[in-house]
Amino acid sequence: MEDKTKALQPVQSLNKNEEIAHMKLPNNIHLVPLDVVESNGVMYSIRPGFYESNGATAIPGGVNFTVHSNGATAISLLLFRVGEDQPFGEIPFPDHYKIGNVYSMIVFKLDIAQFEYAYRVDGPYDPKKGLIFDRSKILLDPYAKAVTGQKDWGENEPGMQQYKARVVKDDFDWGDIHNPLTPMEDLVIYELHVRGFTMDASSGVRFPGTFEGLREKIPYLKSLGVNAVELMPIFEFDEMQDYREHEGRKLYNYWGYSSVSFFAPNTSYTATTEHNREGNELKSLIHEFKKNGIEVYLDVVFNHTAEGNEQGPAFSFKGFDNNIYYLLTPDGYYYNFSGCGNTLNCNHPIVHQMILDCLRYWVTAYRVDGFRFDLASILGRNEDGSPMDKPPLLQSLAFDPILGGVKLIAEAWDAGGLYQVGSFPSWNRWAEWNGKYRDEMRGYIKGDPGAAQNAAQRIAGSRDIYDVKGRTNASVNFLTCHDGFTLYDLFAYNDKHNEQNGWGNTDGANTNYSWNCGAEGETEDPQVNRLRRRMIRNAFALLMCSRGIPMFLAGDEFCNTQFGNNNAYCQDNIISWLDWSLLEKNRDMFEFFQYMIAFRKNHKVLRTNLSDGALGLPDVSFHGVRPWHEGAFGSDEHYVGVMFTGYERRKGPEAVYVASNAYWEELEATLPELPQSMRWELAANTWEAEQHPGRMESRSFRIPPRSVMVFAAK
């Protein structure tokens with residue numbers, strides 16, 4: 001895609017984030033060069049730099065370069081002409097420019113538009129001790145704000161990238177925009193992949209597959225009703241990692257869960273060329289989201305990097321301090337709790353500080369509202385791989401002043417078998433992807449025996465998991481995400497169909513709690529198709545009527561399909577891309593999603609505990625087909641009623657009753673009795689796509705098979 005035009009003009013004004021870049025020195029202080037060094041016939045004036053400013057920063061008269069290594073014996077700065085692979089200059093850091101383990105140097109009269117940079121690092125080589133210094137390697141700055149060496153998506157030769165960095169001038173003007181600061185309980189989160197969201201021609205955007213393409217869809221997202229978007233990885237990653245072809249189809253590292261640089265946005269997601277102003281298109285996107293009251297969360301990957309295991313490349317962290325950045329066995333091999341070859345040593349003070357610096361940077365420079373941490377249980381592992389009771393990193397993130405207003409969401413497990421849903425170290429600051437909600441609600445919705453009791457608890461906010469620990473707003477409820485079936489596929493396939501991934505359908509989860517409603521995959525059977533659509537409505541209605549923070553996958557609102565692939569990590573094609581033609585085909589489903597999101601927003605009692613109850617009734621209560629279910633639900637019960645009551649100061653007493661029938665036959669049920677001044681009204685019924693709210697003439701009602709009915713008291 002070579003449409004990197006000048007159509008998008010970043011706002012040019014001062015931003016306070018890069019104080020050094022724009023600082024004005026007092027009249028009586030001047031940065032005078034102390035040394036002159038020669039490289040390839042060119043003389044460079046240098047002096048010691050700013051030791052607490054990691055990375056490369058433009059300052060008046062030159063550029064400050066700061067980098068650190070505990071084990072290095074020498075470090076050299078490499079300067080490259082733009083787009084070239086051989087340096088035109090190499091400037092060793094003089095020994096007296098080193099303080100502790102930090103190397104810092106100002107190089108004068110460098111024009112940031114005329115060069116790219118990298119490092120050589122020398123030191124001992126003893127792999128059994130984790131020391132693999134190699135001066136021949138060209139290394140990317142771990143604090144690089146922009147990465148070069150990446151061409152347009154899919155145009156690099158696999159394994160041939162030579163990463164370098166570019167100095168970024170941060171002059172984006174945020175104006176008077178404010179963070180939405182949406183309360184946790186009021187969130188409706190929408191997970192999406194930046195490229196896949198608009199890459200298909202059916203999206204109708206001018207710049208498909210880019211930050212700008214996503215910006216064009218903000219009116220759509222606002223009309224849907226979501227107020228937070230969670231972007232799958234947008235850190236610089238190498239889509240060509242593990243590139244291969246299968247049956248003529250090109251397979252990439254499409255999802256991006258393999259970081260090359262933690263501080264740099266993915267340049268292939270931009271519609272314009274942004275040399276030395278990398279990130280402005282992303283900032284424009286975030287600015288527009290905030291203007292529309294939508295928060296932006298980043299899916300961040302601090303559990304591993306793209307450097308892989310012993311057979312993987314060494315392009316950055318391995319070359320600076322392999323034995324610090326990664327968890328290593330006593331013999332110097334890589335622990336693999338990530339399932340991707342290596343594991344970051346997150347609770348080492350150096351890595352701990354880098355992660356903290358990184359998140360602070362995204363909050364201050366990009367105004368990000370929150371983070372979802374991939375395989376977050378790794379962030380709580382000690383240097384020997386064991387889980388820690390009070391991981392220093394997680395505690396620091398919970399109490400850091402800069403991060404005090406952002407959302408922290410953990411995927412509370414890892415590939416090493418650590419599962420911490422309900423027990424993730426949180427300090428009442430961290431929320432969790434509630435994997436138990438996903439699995440147990442899926443089982444209940446499709447009618448599994450013995451599933452009713454757990455479903456009741458999940459709808460009520462998983463109080464059995466979180467309230468006993470005093471955790472509030474901890475449960476992020478979801479039925480679908482990038483990893484697994486779409487909501488349509490959940491009711492169209494009994495089994496995964498990952499053959500196109502090239503692994504003989506051995507990859508991806510085997511346990512999906514899915515049900516094909518009587519036919520595997522696409523079918524012309526109208527009865528099956530009607531049932532599938534009703535099952536989707538059931539799932540979304542229950543998600544919107546559950547206490548906790550709801551999240552759903554982009555495209556679920558118009559029945560997007562991955563054709564049964566539940567692990568589409570490598571599919572950069574219509575398997576993973578959203579097919580926007582389905583929006584018109586399934587307009588009724590989109591409107592149902594709109595309706596249920598609005599219903600949730602209009603009934604605060606669904607989102608949070610307003611009081612200890614109202615109308616003489618408890619805050620939350622469970623019911624069978626007859627009111628006031630006593631004891632646990634039995635293994636043969638398929639009906640669950642959950643009633644929420646509360647008193648809202650402006651609206652007075654409120655009650656919502658959620659009736660769900662996972663049974664394959666119609667049932668007769670009775671609503672709980674209300675005070676004489678109030679009556680039940682039917683608010684939602686998944687039996688039909690269109691909603692016809694109406695007053696109930698009696699407390700008795702018949703609930704159709706496999707359907708959900710929602711009642712509100714008026």
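The values are calculated or read from the model by the stated rules, or taken from the named source; none is laboratory data. This one's a predicted model, so the numbers in the text were calculated from it and none came from an experiment. All Cβ positions, even for glycine, are placed from backbone atoms using ideal geometry, and neighbour counts span all protein chains on display. Side chains included, ligands, DNA and RNA excluded: accessible areas come from the protein's heavy atoms. Shrake-Rupley method; radii C 1.70, N 1.55, O 1.52, S 1.80 Å.
222 nm [θ] for the chain, helices only, -39500 (n - 2.57) per DSSP H run of 4+, per residue, to 500? Could the numbers behind the result be given before it?
Working: 15 runs with 135 residues, N = 714.
The per-residue figure over the chain is -5500 deg cm²/dmol.
Would you list the P(r) distribution for the range 41-106, with all Cα-Cα distances sorted into 10 Å bins from 0 and each bin expressed as a whole %? Result, from short to long distances: 20, 52, 26, 1 percent.
Element breakdown for the chain at a 1.4 angstrom probe: carbon and sulfur atoms account for 48% of the accessible area. Compute the distance from the alpha-carbon center of the range 354-414 to that of the range 574-627, in whole Å. Comparing the Cα centres of the range 354-414 and the range 574-627, I get a distance of 30 Å.
Calculated from the alpha-carbon coordinates, the range 368-521 shows an Rg and a Dmax of 17.5, 54 Å respectively.
Would you work out if the range 228-383 is rounded, prolate or oblate? Take a ≥ b ≥ c from the square roots of the eigenvalues of the alpha-carbon gyration tensor; rounded if a/c is under 1.5, else prolate when a/b is larger than b/c, oblate otherwise. It is oblate, given that a/c is not under 1.5 and a/b is not larger than b/c. Evaluating 6.51 cos²θ - 1.76 cosθ + 1.60 at θ = phi - 60° for every residue in the range 610-625, the Karplus couplings come out as 6, 6, 7, x, 7, 6, x, 10, x, 4, 9, 9, 9, 9, x, 5 Hz, glycine and proline recorded as x. Note on the range 541-626: semi-axes of the ellipsoid equivalent to its C-alpha gyration tensor, largest first and rounded to whole Å, are 35, 15, 12.
Per residue, the accessible area of the range 655-714 comes to 48 Å² when a 1.4 Å probe rolls over the protein heavy atoms.
Kirkwood radius for the range 457-499, taken over all pairs of different Cα atoms as the inverse mean of 1/r, rounds to 12.7 Å. With the largest listed first and rounded to whole Å, the semi-axes of the equivalent ellipsoid of the range 375-434 from the Cα gyration tensor are 19, 13, 8. Within the full protein context, the accessible area of residue 402 is estimated at about 80 Å² for a probe radius of 1.4 Å. From the largest down, the range 119-182 spans 53, 31, 25 angstrom on the principal axes of its Cα atoms.
In sequence order, the range 154-167 has phi-based couplings of x, 9, 7, 6, x, x, 10, 5, 10, 6, 9, 10, 10, 7 Hz under the Karplus curve 6.51 cos²θ - 1.76 cosθ + 1.60, θ = phi - 60°, and Gly or Pro positions carry x. Please give every one of the lysines within straight-line cross-link reach of residue 128, meaning a C-alpha to C-alpha distance under 19 Å, and leave out same-chain neighbours fewer than 8 residues apart. Those lysines meeting the cut-off are 318. Taking a straight Cα-Cα cut-off under 16 Å and skipping sequence neighbours fewer than 8 places away in the same chain, the lysines within cross-link reach of residue 407 are 290. Counting only other residues whose beta carbon sits under 15 Å from that of residue 661, what net charge do I get with K and R as +1, D and E as -1? Local charge sum for residue 661: -1.
Ranked by solvent-accessible area (1.4 Å probe, protein heavy atoms only, all chains present), the residues 622, 207 order from largest to smallest as 622, 207. Across the range 421-430, rounded Karplus estimates of 3J(HN,Hα) from the backbone phi angles (6.51 cos²θ - 1.76 cosθ + 1.60, θ = phi - 60°) give 4, x, 10, 5, x, 10, 6, 6, 10, 9 Hz, Gly and Pro being marked x.
What does the net charge come to around residue 350 if you take all other residues with beta carbon closer than 11 Å to its beta carbon, with K and R at +1 and D and E at -1?
Overall, the nearby charge balance is -2.
Could you tell me how far the Cα centroid of the range 225-250 sits from the Cα centroid of the range 92-162, in Å? So the two Cα centres are separated by 26 Å. Within the range 307-429, DSSP assigns beta bridges of which about 50% are antiparallel (rounded to the nearest 5). In the range 350-405, the alpha-carbon atoms span a convex hull of 78 Å³ per residue. Restricting the calculation to alpha carbons of the range 305-424 gives Rg and Dmax of 14.3, 42 angstrom.
Scanning residues 5 or more positions from residue 646 or on other chains, those with amide H under 5 Å from its amide H are 614, 654, with H placed 1.01 Å from N in the peptide plane.
Amide H contacts for residue 561 (H built 1.01 Å from N in the peptide plane; partners 5 or more residues away or on another chain; cut-off under 5 Å): 579. Helix 587-602 and the longest principal axis of the Cα set of the chain meet at an angle near 90°. Report, ordered by chain and residue number, the lysines lying within cross-link reach of residue 250, taken as a straight Cα distance under 23 Å and ignoring same-chain residues fewer than 8 apart. Within reach: 151, 496.
The range 113-229 gives an Rg/Rh value of 1.11, both radii derived from C-alpha positions and Rh following Kirkwood. Once the Cα atoms are used to define both axes, helix 349-365 deviates from the longest principal axis of the chain by about 70 degrees. Of the chymotrypsin sites (Phe, Trp or Tyr not before Pro) in the range 379-456, the ones in a loop by DSSP (not H, G, I, E or B) with at most 13 other beta carbons within 10 Å are 427.
Viscosity 0.890 mPa s, temperature 25 °C: what is the translational diffusion coefficient of the range 31-73 from Stokes-Einstein with a Kirkwood Rh over Cα pairs, rounded to a whole number of µm²/s? Estimated via Stokes-Einstein, D reaches 205 µm²/s.
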